[in-house]
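Enquirer: My questions will all concern the structure given below.
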Amino acid sequence: MKKFGFFAVALAAAAISFTSCEKKGQNNGGVDLNALPNGFYVSEQGADLVDVNAMDQGINEVDQKPRTGMYEKYIVLEAGKKYEFVNKKGENADRYGATLEYGDSLIVTDKQNIAGYKGSLAANTSIEVTKTSLYHIVLDFNEDGNLTDVGGAQCIIVPVEWGIRGGIADWNNTILFPTKSENNIFIFENVTVEKSDKFKFAHNDAWKIELDIAKLVKANTNLGVDCVPGGGDIEISRGIYTITLEFVGPAATTQESFKYTIEKTADLEVADPKTFVVGLSGDGVACGWNDPSGDALAVVNAAECKITDEATLAGTYVYDIADVAMIGGKEFKVRYNGGWFGGKNPELSLEGATFEGEDNFKIPADAHYSIKFTVEWNGEKATAIKAAFTAL
């Protein structure tokens, strides 16, 4: 088997701009560079051509759009082996590595710092990890200068342990960890879904890695529908499930590198909406961002509820708040059976008062309101929620 090797290239000054002197037919192993498509690759130094793995275009989580000069890869790296990043450009190729620092809380995320490797990208070097594991690699060449506050072009390598976050795990507050994890197959057994909801897979209990201090550049640490990084929420109905996420190999894209299955193993008893917790949460009400309580907790109005299907308890349900104090300049969301509903939720409508905000609602001034919630329940989820405010 011929070897895949490239001559080193020179590192230009602060811009991390490389010009390769390596030409077709001049590389150490004699491999024709045209045998590879243009793009970025992860390679063990001196590896055979078949061991070279294409990197995916990086996505900036801030706007969920491709970011120029950013590359990502999920791949198993072996302890003690030296790897490099190869940028194949026509008949030329540039090689990069990094002097990595490891720390148990070195990598910054949206929730807490996590363990991983970090270093500045450089020419004529390699990378090496101390433990064989599945890793998430993020390279960013700082082409727009947004990483200057952390020293420029970055290499981040994070060991990956997948979990589940979302409505079935109280969104940002908790994560479900696998009950079994072997050979990069992550199995979540006896997952109880109390209501039709949504979730994503997320590694290291985070939604994103923050690459710069100003938080202009972030990498997704989550997989949504069809394993798309930062993709849409995965919908799931009420019941008990076994959910499996499998790393199938270092494919050309992150999406192709994973697959998941969702198997319903049991049904739950019919949910009774008359027992649901309904009301408001936010820093604009006394209970804060906790579940509704006190004057922000609604009480079911049994006389006005109308059940249309006794088997599923589908129907129209009404709940009342008699007098809730709301603080001007603060925010809130409507809560229904554990769900959070704000300006982005099309099933929610507000009447009788005007609150601005695309997500959380902003309270214009101190006020007291009575609120009537009218909810259409289809036996699985709320399809329409109307909150009618009356100033007191």
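The values are calculated or read from the model by the stated rules, or taken from the named source; none is laboratory data. Every value quoted in this text rests on a predicted model; they were computed, and no experiment measured them. We place every Cβ from the backbone using ideal geometry, glycine too, and count neighbours over all the protein chains shown. SASA here: full protein model, heavy atoms, side chains in, ligands and nucleic acids out. Shrake-Rupley method; radii C 1.70, N 1.55, O 1.52, S 1.80 Å.
Enquirer: Among the listed pairs K81/K215; K198/K344; K200/K330; K82/K131; K274/K333; K274/K330, give every one whose C-alpha distance is greater than 24 Å.
Expert: Long pairs (Cα-Cα over 24 Å): K81/K215; K200/K330; K274/K330.
Enquirer: Less than 15 Å apart at the alpha-carbon level, and either on another chain or at least 8 residues along: which aspartates and glutamates does that give for K180?
Expert: Output for K180: E161, E189, E246.
Enquirer: In square angstrom, rounded to the nearest 10, how much accessible surface does T125 have for a 1.4 Å probe?
Expert: 50
Enquirer: Given +1 on the Cβ of Lys and Arg, -1 on the Cβ of Asp and Glu, and no further charges, what dipole in debye does the stretch 144-284 carry about its Cα centre, rounded to the nearest 20?
Expert: Dipole of the stretch 144-284, to the nearest 20 debye: 80 debye.
Enquirer: Stokes-Einstein D for the chain at 20 °C, 1.002 mPa s, Kirkwood Rh over Cα pairs, in µm²/s?
Expert: Values: Rh = 23.8 Å.
Rounded to a whole number, D works out at 90 µm²/s.
Enquirer: As a test of reading the structure, rank S281, S349 by solvent-accessible area (1.4 Å probe, protein chains only), most first.
Expert: Result of the area sort, largest leading: S349, S281.
Enquirer: Within the chain, what percent of beta bridges assigned by DSSP are antiparallel, to the nearest 5? Working shown, then result.
Expert: Numbers: 116 of 120 bridges.
The antiparallel fraction comes to roughly 95 percent.
Enquirer: Same structure again: Among the lysines, which have Cα under 22 Å from the Cα of K88 when same-chain residues fewer than 8 positions away are ignored?
Expert: K2, K3, K23, K24, K73
Enquirer: Given charges of +1 on the Cβ of Lys and Arg and -1 on the Cβ of Asp and Glu, with all other atoms neutral, how large is the dipole of the stretch 161-216 about its Cα centre, in debye to the nearest 20? Before the final figure, lay out each step's value.
Expert: Working: 7 positive and 9 negative charges, 39 e Å.
In total the dipole reaches around 180 debye.
Enquirer: Further question: Dividing the Cα convex hull volume of the stretch 207-338 by residue count, how many Å³ per residue is that?
Expert: Taking the convex hull of the Cα positions in the stretch 207-338, it is 159 Å³ per residue.
Enquirer: Compare the Cα positions of N301, P346, G103 along the charge dipole of the chain (+1 at Cβ of Lys, Arg; -1 at Cβ of Asp, Glu; about the Cα centre) and return the one farthest towards the positive end.
Expert: G103
Enquirer: Additional query: Leaving out ligands, DNA and RNA, and with a 1.4 Å probe, what % of the accessible surface on the stretch 263-325 is carbon or sulfur? Please report the intermediate quantities before stating the final value.
Expert: Working: 1670 of 3240 Å².
Carbon and sulfur atoms account for 52 percent of the accessible area of the stretch 263-325.
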